[in-house]
Amino acid sequence: MRIQKLKTNNLLLEILFQLALAIIVFIFYAFERKHGQRSFNLEPAKIACFINYLVAAYFINYYLLPKFLYRKKYLLFSLLVLFVITCVIFIEEGIIERIYFPETKGSHFPGIFIGLTDALPTITIIAGFKFAWDALRKQKELEQLKLAVNESELQFLKSQINPHFLFNNLNNLYAYALEKSSKTPDIILELSAVLRYMLYECQAAYVSLEKEMIHLENFVNLSKLQFEERGTVHFTKPSNSTHYNIAPLILSVFVENAFKHSAASQTDNINIATSIELSDSGELLFTCENNFSVQSNTNSLPQGIGLENVKKRLTLIYPNAHALTINTENNIYKVTLTLNLKN
């Protein structure tokens, strides 16, 4: 129903546009200058010739353009347009002028060139505006299709992130449950808070930065439980985050990778530092560092479903509004991300 109503409104708007265009073109067509004076020629012959041009232009607009030109039948379209213009000249010179001017203009044929100079300007203007109208409409449809594709891809990428995170933490929870660790209830509570955020808060395109910071802090607390006493974890966040929004689950991917890679590469002296700063202009600076052992397979550090997804999401959501750098130096894996946030 909504799509049908939109099509009806677009058709009505196009009809009004074509009507207004025809009136404007007729005013210029009927405007003449004789003996130094300007006047409007509203003689029946003038009106009949204009209607002849108008019918030809609308035939080109609503039959030849969609039937041949838009289907890339260029040669056939050109031949048919030439045929239509020939018919227009024949009707004007052979019928209209013989009816209204039998003793003067209708008594002889002035030639193709004279006929073209009368018919082509009006037909070209009306057909040209129709072609431009269709081009603008097609461009709008392509933009809407692109937005729909981007939204679908974002939803797909977001759906991949949640199972990836859940898979990792359920494995950890299973290990603690087997050991009957006293930390198992704490892990369940932290996991519940994180999953509640993912399920109920992350359906919108943007969430408040304050909620995202709370989620990230819960995420860090949950991940810290895995380390026992094997290292240190630092997390700092801004206090002025209430007035800005951010795409959800962007930053947590980098933090998750930091914990995963540090835990996989070494057994102790693990150091992870996550810092978030926010300027008054709404530029967010995110850094996440973790150490790793040189003996481990560091070539796989930048890989993984989550990291690749977040790069795609940044490209789709923050085009020309983000900068991501990932460096590995002196056994430190560092992610730096800047985002221009929306109010």
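The values are calculated or read from the model by the stated rules, or taken from the named source; none is laboratory data. If you're wondering where the values come from, they're calculated on a predicted model, not measured in any experiment. Quick reminder, even Gly has a Cβ in these numbers, built from the backbone with ideal geometry, and neighbours come from all protein chains shown.
So, P238, is that one in contact with a Cys (Cβ under 9 Å, 6 or more places away or on another chain), of a type outside the set (A, V, I, L, M, F, W, C) and either in contact (Cβ under 8 Å) with a residue 24 or more places away in the chain or assigned by TED's automatic domain parsing to the domain that holds L307 (or both) or not?
On the way: in contact with a Cys (Cβ under 9 Å, 6 or more places away or on another chain): no; of a type outside the set (A, V, I, L, M, F, W, C): yes; either in contact (Cβ under 8 Å) with a residue 24 or more places away in the chain or assigned by TED's automatic domain parsing to the domain that holds L307 (or both): yes.
No: the conditions fail for P238.
Taking the residues in the stretch 98-128 that are at pLDDT 90 or above and surrounded by fewer than 16 Cβ atoms within 10 Å (Cβ to Cβ) as candidates, determine which candidate is farthest from F31 (Cα to Cα).
Among them, the one singled out is G128.
The rows are residues; the columns are (1) modelled with pLDDT under 85; (2) of a type in the set (D, E, K, R); (3) in contact with a Cys (Cβ under 6 Å, 6 or more places away or on another chain); (4) within 20 Å of V220 (Cβ to Cβ).
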residue: Q266; (1), (2), (3), (4): yes, no, no, yes
residue: N269; (1), (2), (3), (4): yes, no, no, yes
residue: S275; (1), (2), (3), (4): no, no, no, yes
residue: N291; (1), (2), (3), (4): no, no, no, yes
residue: L316; (1), (2), (3), (4): yes, no, no, no
residue: N327; (1), (2), (3), (4): no, no, no, no
residue: T338; (1), (2), (3), (4): no, no, no, no
residue: N343; (1), (2), (3), (4): yes, no, no, no
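Would the stretch 181-191 turn up any residue that is in contact with a helix residue (DSSP H, G or I) (Cβ under 7 Å, 6 or more places away or on another chain) and under 21 Å from F286 (Cβ atoms)?
no
How many residues are polar (S, T, N, Q) and without any contact (Cβ under 8 Å) to a residue 24 or more places away in the chain if we restrict to the stretch 199-217? Outline the logic, then answer.
Residues of the stretch 199-217 polar (S, T, N, Q): 203, 208.
Next, from what is left, pick out any that are without any contact (Cβ under 8 Å) to a residue 24 or more places away in the chain: 203.
So the count comes out to 1.
Take the stretch 241-263 and flag every residue that is in contact (Cβ under 8 Å) with a residue 40 or more places away in the chain and either surrounded by fewer than 19 Cβ atoms within 10 Å (Cβ to Cβ) or in a strand (DSSP E or B) (or both).
H243, N245, I246, K260
Which of (1) at pLDDT 90 or above; (2) within 17 Å of W133 (Cα to Cα) is the odd one out, the single condition V55 does not satisfy?
V55 satisfies every listed condition except (2).
Residues of the stretch 216-240 being at pLDDT below 85 and part of a strand (DSSP E or B), which ones?
G231
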